[in-house]
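Structure first, then comments.
The values are calculated or read from the model by the stated rules, or taken from the named source; none is laboratory data. Nothing here was measured: the structure is a model prediction, and the numbers come from that model. Cβ placement follows ideal geometry from the backbone for every residue including glycine, while neighbour counts extend to all protein chains displayed.
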Amino acid sequence: MQKTQNLSIVIFGASGDLTYKKLIPALYALFQQQMLPLQFRVLGVGRSPFSDEDFRLKMLEGIRQYSEKYHLDEVIILSFLENLRYLTMDPEDEKDFEKLKSTLDNYDREINTNGNCLFYLSMPPNKFGVVANNLGKVGLNNEIQGFKRLIVEKPFGYDFESGLELNRKLHQAFDESQIYRIDHYLGKETVQNILVMRFSNGIFEPLWNRNFIHHVEITSSESIGVEKRGGYYDGSGALRDMLQNHLLQVLGLVAMEPPSSMDSDAIRNETLKVLQSLQPIQEENVDKQVIRGQYVASHIKGELARGYREEPQVDPDSRTETYVAVKLFIDNWRWGGVPFYIRTGKRLPTRVTEIVVHFKPTPHGLFWDKGEERNQNQLIIRIQPDEGILMKFGLKMPGAGYKVKTVNMDFHYSDLLDTHLPSAYERLIYDAMLGDSTLYARADAVEAAWRFVAPIQKAWKENHDIKIYGYPAGTWGPENADELIEDKEITWRYPCKNLADDGNYCEL
């Protein structure tokens, strides 16, 4: 375990839910595991007029409510809270940044931070450029003494042009090496295990190509609707909110070439090549390769679930998609001709994120009668929940003849009884303190992802003949999504809460 240097952690937007539910509980977990430096300060910043004690009391509630129960220890919690401070200031007023600089200088003298600062922008993206610029004006971007690192939350823009503009604004004050674009999906243990599974095992990498793989699925589903985020979501949608950033980054890890080393740049160079190799979807083919949907009212377990357009703060005539499924191809030697199917949606049967690698069937069907469905091996990498890995393969059923049955071989992280499965924010914040950007999105990768979705956005905006399909809340999205898969004998995997279960009617 690497040791972090003394530092100050400044959280802009500290009075918000992200700080309360995720960031402070993650920092506490690191403290409880003795992964924070011996001397540190966490400074909450915002317009809300909190005192240090008010801030600590609020964060105490968050730790107790959102931390893992086995981490909770009142003595350790109180020791952690002693390092929390709060500064009331306007993040858009450059005069207030002199006050911030003075505060951080005092911490340097008190606990010898050597000028090391981590700035976390837990605020709307349209404020990122302003805050970065104001930090630069008072010298809180220079690394003459100590490191200065800037963590920004998604979305990284709303389209290709705004993504470029956001990067331009950030780069006016900070070098790309100082910018950490956080994607909590990449902080999940099972996502990171993709690299280990592929590149440390001789049985997988030789098969990881168009010669042996028929197609790949990536699914991210949520059982809830937009809840209280209707106003935000109606201006975003599933394509921007999930596919452009989270799922395309996961695709990059699944499809990348072996890196020359585990250096962060070496890994991110290979994921960038994947995004740059995505076959562009022509505007005239958007309706053939992309299906969008919107959940409508339905009964789920006897209770009425309202439709998207009936949600608070949502336009009654909204055409914002709550579901999107895309068929795409990667134009390179490894993956030429292999379809990748990506889908994400709200109000689906269960909350699950997973990758399914479908291998080609054996070329000669010795054990299958004519007209009978052939067995296709599947490798399922479950990101959440019930994190683990599942392999499906055929075995002979007991008795006469050679009747083949698909069986499971699975590993669950929960089987590791004494192993702590860190939260995504826990891992990513720790990496940022160490200066390890491997699991953070780089500017060129963000721009490549936006470049891929740009024709889809343009077609949806300009061609109102492209349909948005309704799907009943609690189902797996529009039936039309099955049409993306050209092989009529193959359909999507319908995952359940438990990794080893699947099927349309499994217990959720």
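Structure notes:
- Restricting segment 13-25 to residues that are buried (at least 23 other Cβ atoms within 10 Å of the Cβ) and among the hydrophobic types (A, V, I, L, M, F, W, C), the residue that is nearest to Asp183 (Cα to Cα) is Leu23.
- If the condition is being hydroxyl-bearing (Ser, Thr, Tyr) and over 12 Å from Leu43 (Cβ atoms), then segment 106-128 contributes only Ser122.
- All conditions but one from (1) touching a Phe, Trp or Tyr at 6+ places or on another chain (Cβ under 9 Å); (2) at pLDDT 80 or above apply to Gln376; the one that does not is (2).
- In segment 7-21, the qualifying residues are those that are more than 16 Å from Arg85 (Cα to Cα) and not basic (Lys, Arg), and the one that is modelled with the highest pLDDT is Leu18.
- Condition met for Glu222 (closer than 30 Å to Asp317 by Cβ and surrounded by 15 or more Cβ atoms within 10 Å (Cβ to Cβ)): yes
- Some residue of segment 274-283 being acidic (Asp, Glu), over 28 Å from Gln384 (Cα atoms) and free of Cβ contacts under 8 Å to residues at least 24 places away in the same chain: no
- Among the residues of segment 127-177, those that are within 20 Å of the chain's Cα centre (by Cα) and acidic (Asp, Glu) comprise Glu153, Asp159.
- Residue tally, condition assigned to a helix (DSSP H, G or I) and of a type in the set (Phe, Trp, Tyr), over segment 122-153: 1
- Residue check, Glu257 crowded, with 16+ Cβ neighbours inside 10 Å, touching a residue at least 12 places away in the same chain (Cβ under 8 Å), in contact with a helix residue (DSSP H, G or I) (Cβ under 9 Å, 6 or more places away or on another chain) and of a type in the set (Asp, Glu): no
- Qualifying positions in segment 287-314 - out of contact with any Phe, Trp or Tyr (no Cβ under 8 Å at 6 or more places or on another chain) and within 19 Å of Tyr158 (Cα to Cα): Val290
- One residue from Ile456, Ile466 being among the aliphatic types (A, V, I, L, M) and surrounded by fewer than 18 Cβ atoms within 10 Å (Cβ to Cβ): Ile466
- Residues of segment 434-443 include none that is free of Cβ contacts under 8 Å to residues at least 60 places away in the same chain and either in a strand (DSSP E or B) or of a type in the set (Phe, Trp, Tyr) (or both).
- Note on segment 311-334: residues that are out of contact with any Lys or Arg (no Cβ under 6 Å at 6 or more places or on another chain) and either over 14 Å from Tyr471 (Cα atoms) or aliphatic (A, V, I, L, M) (or both) total 15.
- Residue within segment 119-134 that is hydrophobic (A, V, I, L, M, F, W, C), surrounded by 14 or more Cβ atoms within 10 Å (Cβ to Cβ) and touching a helix residue (DSSP H, G or I) at 6+ places or on another chain (Cβ under 6 Å) present: yes
- Residues of segment 88-106 include at least one that is farther than 20 Å from Leu150 by Cβ, surrounded by 13 or more Cβ atoms within 10 Å (Cβ to Cβ) and touching a Pro at 6+ places or on another chain (Cβ under 9 Å).
- Of the candidates Val250, Val296, Val314, Val338, the single residue that is β-branched (Val, Ile, Thr), within 23 Å of the chain's Cα centre (by Cα), surrounded by 17 or more Cβ atoms within 10 Å (Cβ to Cβ) and at negative phi is Val250.
- Any chance Arg198 is of a type outside the set (Gly, Ala, Ser) and more than 21 Å from the chain's Cα centre (by Cα): no
- Of all residues making up segment 83-114, the number that are among the aliphatic types (A, V, I, L, M) and in contact with a Lys or Arg (Cβ under 8 Å, 6 or more places away or on another chain): 4
- Once segment 31-59 is narrowed to residues that are among the aliphatic types (A, V, I, L, M) and within 27 Å of the chain's Cα centre (by Cα), the residue that is farthest from Asn116 (Cα to Cα) is Met59.
- Restricting the first member to segment 151-165 and to residues that are farther than 16 Å from Gly237 by Cα, and the second to residues that are of a type in the set (Val, Ile, Thr), the beta-carbon pairs closer than 8 Å and six or more apart or on different chains are Ile151/Ile182; Ile151/Ile429; Val152/Ile179; Val152/Ile182; Glu153/Ile182; Gly163/Val446.
- Here is the figure for segment 51-70: residues that are surrounded by fewer than 18 Cβ atoms within 10 Å (Cβ to Cβ) and not charged (D, E, K, R) total 5.
- Looking only at residues of segment 168-177 that are in contact with a Gly (Cβ under 8 Å, 6 or more places away or on another chain) and not small (Gly, Ala, Ser), we find that the one that is surrounded by the fewest Cβ atoms within 10 Å (Cβ to Cβ) is Gln172.
- Condition check for Tyr180: of a type in the set (Phe, Trp, Tyr), buried (at least 17 other Cβ atoms within 10 Å of the Cβ) and within 29 Å of Asp482 (Cβ to Cβ): no
- Test set (1) in a strand (DSSP E or B); (2) of a type outside the set (Lys, Arg); (3) more than 22 Å from Ile218 (Cβ to Cβ) - Thr353 fails condition number: (3)
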